[in-house]
Amino acid sequence: MPSGACVLRYEGARGVVWRVKYRDASGKQTMETLGPECEGWNRRKAEAELRERLVKVERRGWKRPRPITFNEYVDLWFSEGETRRSWRPRTVIQYRSIAKRLKEFFGPYPLATIRPRHVAEYVAKQGKAFEASTVSRDLSLLHDVFKSAKREELVETNPVEGAEHPKLAKRRWRILEPVEVARVLKAFTDEQARAIFLTLVLTGIRRGELQALRWRDVDLVENVLRVRDSKTEEGIRAIALSPALAEALWQQRRRSSFRGDDERVFCHSERGTVYREHVFAMQFRAALKAAGITDYVRPFHDLRHTSLTNEAASGSTPIALMAKAGHTDMKITRRYLHLAGIVFRDEAEALERRLGLGVETATEVSTQLSTGMS
């Protein structure tokens, strides 16, 4: 072993910690803390880590990078990622929000000193203030940050690997039945909100996709709606318009003061700006109440599930469902299908016909049973 390279056992106020000391390719003396005994570190494991460091120094001319804080690295990772990965504006907004929470907790830590126990502490703390889904998204982004740092040889390991994501509460979706859809549609007092509701239940498009629709995306000659602005590449798609929806969109264009090809299909009635979700939510809940539906129904999430569930129940093929939803994997589409309680009468009759069991057969069986009982 090279001169000066050794394993050090340090006993401090928080217990025994193992460290390694060696010279990097520049000849600079380097001391690195591996971790405490409570996390499984011991002399044998520390010696193995030291050997790996020495191999990197000898074969790859490895030099230990200058210390960098989590704050510094996240800012660098974010700016490079935004350019290199061409994140969409909504993705950038979400990532900025997550990065802010991560920096508030990990910010002053040197990047290389963050350990799995720190990640566990973050999960425990955030779990008291945020929903499980939010904490899980934070962990996913933190994992990506450290994955990049490891690739750039700024850290030896990714402390988020193996981190336990908080258990997500099982979400209950409120699927509107066909008769309920008709009642709610009739109960709207605002015509634009009525057209939005019909668009959502007949196309299954996402909230952001609906808000981004321009009149050039709506072909009322061929009756096709084109989704050009979606959160995924797979989401860019064309959806056939039913006659009722085509008529509703035609009336929406006639009513609107903003009819240019580049203007929004659904917008602020006076300014032509983006149609805000809370405006529709207010109109939607009033229509639900007027239709006698007292359950809580989420105006966009539940309606997307309602649309795809009823589409599946009407007999659409898996390929058609995937294409309409903007997915490339049926496993994802299945998450939107809630078919328990749906009665497939047409399919039951089709099976009967296939098996050659018509009314005559049923009558014959009934007669035989009656004779046997008598």
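Every number here is computed from the coordinates shown, using simple stated rules; none is lab data. All figures in this text were calculated on a predicted structure; none of them were measured in a lab. We place every Cβ from the backbone using ideal geometry, glycine too, and count neighbours over all the protein chains shown.
Structure data summary
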| read-out | value |
| --- | --- |
| For Met322, Met31, Met282, order by how many other beta-carbon atoms lie within 10 Å, fewest first | Met31, Met282, Met322 |
| Neighbour-count ranking [beta-carbon atoms within 10 angstrom, fewest first] of Tyr109, Tyr296 | Tyr296, Tyr109 |
| Cα centroid separation - segment 207-262 against segment 323-338, whole Å | 21 |
| Assigned charges on the beta-carbon of Lys, Arg, Asp, Glu; segment 178-334 dipole about Cα centre (debye) | 280 |
| Rounded, prolate or oblate (a/c below 1.5 giving rounded, otherwise prolate when a/b exceeds b/c) for segment 70-151 by Cα gyration tensor | oblate |
| Label of the coordinate-derived value, P(r) over Cα pairs in 10 Å bins from 0, in percent, listed as [x] 4, 16, 20, 17, 14, 12, 9, 5, 2, 0, 0; [y] 4, 21, 29, 23, 13, 6, 3, 1, 0; [z] 5, 23, 33, 26, 10, 2, 0 | [x] |
| Relative contact order (%) - criterion: Cα under 8 Å, at least six apart; region: the chain | 11 |
| GluC sites (Glu not before Pro) restricted to DSSP loop in segment 42-142 with at most 15 other C-beta within 10 Å | Glu131 |
| Karplus-derived HN-Hα couplings along segment 214-227 (A = 6.51, B = -1.76, C = 1.60, θ = phi - 60°), whole Hz, x at Gly and Pro | 10, 5, 5, 7, 10, 9, 8, 8, 8, 6, 9, 10, 10, 8 |
| In sequence order, calculated HN-Hα J values of segment 296-306 (Karplus, 6.51, -1.76, 1.60; Hz; x Gly/Pro) | 7, 10, 6, x, 10, 4, 5, 6, 5, 5, 4 |
| Phi-based couplings in Hz for segment 173-182 (Karplus 6.51, -1.76, 1.60; Gly and Pro marked x) | 9, 9, 8, 6, 7, x, 5, 6, 4, 5 |
| Ascending count of other beta-carbon atoms within 10 Å, so fewest first, for Tyr10, Tyr275 | Tyr10, Tyr275 |
| Leu34 long-range amide H proximity, modeled H, under 5 Å | Trp18, Arg19, Val20 |
| Reachable lysines, given that their alpha-carbon falls under 21 Å from the alpha-carbon of Lys150 and they are not under 8 places away in the same chain | Lys21, Lys45, Lys56, Lys63, Lys103 |
